[in-house]
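To keep things clear, I will list the structure first and then write my remarks on it.
No lab work stands behind these numbers, since they all come straight from the coordinates. Every value quoted in this text rests on a predicted model; they were computed, and no experiment measured them. With ideal geometry, Cβ positions are generated from the backbone for all residues, glycine too; neighbour counts draw on all protein chains shown.
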Amino acid sequence: MWIDNDFPKLLGAELYRPHPAYIIEMAVEPVVVHDFSKQPGQTVQLDRYRFWGKPGTKESRERTADQTLGSASARNIVKDKVLVTLREYTGPADSRDTTQPSTFKVARETLITAQRLLLDTGNLNVFHQSIGSLTLLDDYRRWRDRVFANELLKAEAAGQSSSDQGGYYLPGGKAKDGTGGGLGVTYAEGESAKFDVKTDLLEVVKDMRKRNVPTFADGYYRCIVDPTAMMHLRQNSDFREIARYPGQGMADPMNPLAGPSANFFQGMGPAYGQAGFVAGQPVMPTGFLFEGVRWFESTNLPETAYNVVITDASSNAAEYDAAQLIFFGPQAVGVGIGGNNAQILLNNNDDFSRFIIMIWSLFAGFETLNKDFISVGYSFVY
């Protein structure tokens, strides 16, 4: 029957379609291992590769004709095995308590009418709008996008970022000196607590290069930026001009004579992590380039507030919202997937065939692989 067999597959396929509002996973390009045989409670192995260390000099690598080359000091490829435990995740959640599960319900008659509309028009968007399933799809996309943001933010626990390690970065290079919500940080009169392009950005990028954080295939690091932090950055005239006329984008392979799209790329993908869809293909942002970083703006970062002293705002310590800027290189986050990946499941308890009750379900485990590849910056709002 179409409702029992085809409908869950039709809706489930939409779970994999990217959406321009949720770009964090696209930008991160996580390490993915999918083992169809694994179930919740079992583990999936992710590999974290490490560098061998100092390269030495030209003379140190020179060999003579009578020198033996071989197994005396043979070394294996250095990698760590990261075991990720799979968990079962479902949605939607109860709006009153997100830790409690809920379901998505559609009247059977509504679905049958939508089916006829789909057969007549072939328009998937109209089909989803007519039954309200975009709400369920948005729940999954928003949740998964936030999961990757939270994995990146775990790097903050490593301490203050520097040329030796990843971690947090406060404006002016301030170090935390407090516990709980109180950072023990003071910004004196005239000292900015906003992330600055000329000082803070250059310091973060310099430290990432010094600790040999690899770049993505396009040769750049990436940064996920809260809109408020982006507003602070745009107050710098040089940054604002670049943000207004973003990069070179990507050339359209279907129309190579046309100039590359500066802000968006809608083509055959994958470009910067976007998937390619023939029908109803989404237009995914490619970000823009500035100081060796490809920038992406996201409205799905968690809200954060810290207790600090900002003398220009108040002489006393107070709670200030802290907008985030997350800088990272590739292989920062990994995900292990089990079973059939994300899918739509129907509930057999349909109230005498009056309703179609469904959830999305996923067996997966998420893990921060390389905290040293991540710097979490903050820009205080005052």
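Residues of segment 181-204 falling in the label zone of Met231, defined by backbone nitrogen less than 19 Å from a point 7 Å along Cα to beta-carbon, are 192-197. FRET efficiency for the Asp97 to Ile3 pair, using the beta carbon distance and R₀ = 35 Å, is estimated at 0.70.
Restriction of the GluC sites (Glu not before Pro) in segment 132-231 to DSSP coil positions whose beta-carbon has at most 12 other beta-carbons within 10 angstrom yields Glu189. The chymotrypsin sites (Phe, Trp or Tyr not before Pro) of segment 316-360 that DSSP puts in a loop, and whose beta carbon has at most 14 other beta carbons within 10 Å, are Phe352.
Provide the convex hull volume over Cα atoms per residue for segment 289-366, in Å³. Numbers along the way, then the final one.
On the way: hull volume 17.8 nm³, N = 78.
It is 228 Å³ per residue.
Under the simplified labelling scheme, the Ser353-Gln160 pair shows an inter-label distance of 7.0 nm, with each label point 7 Å from Cα along Cα→Cβ. Per the Kirkwood formula applied to alpha carbons, segment 139-192 shows a radius of gyration over Rh ratio, Rg over Rh, of 1.11. Kirkwood radius and radius of gyration were both taken over the C-alpha atoms of segment 97-159, and their ratio Rg/Rh is 1.23. Note: segment 84-126, Cα convex hull, 137 Å³ per residue.
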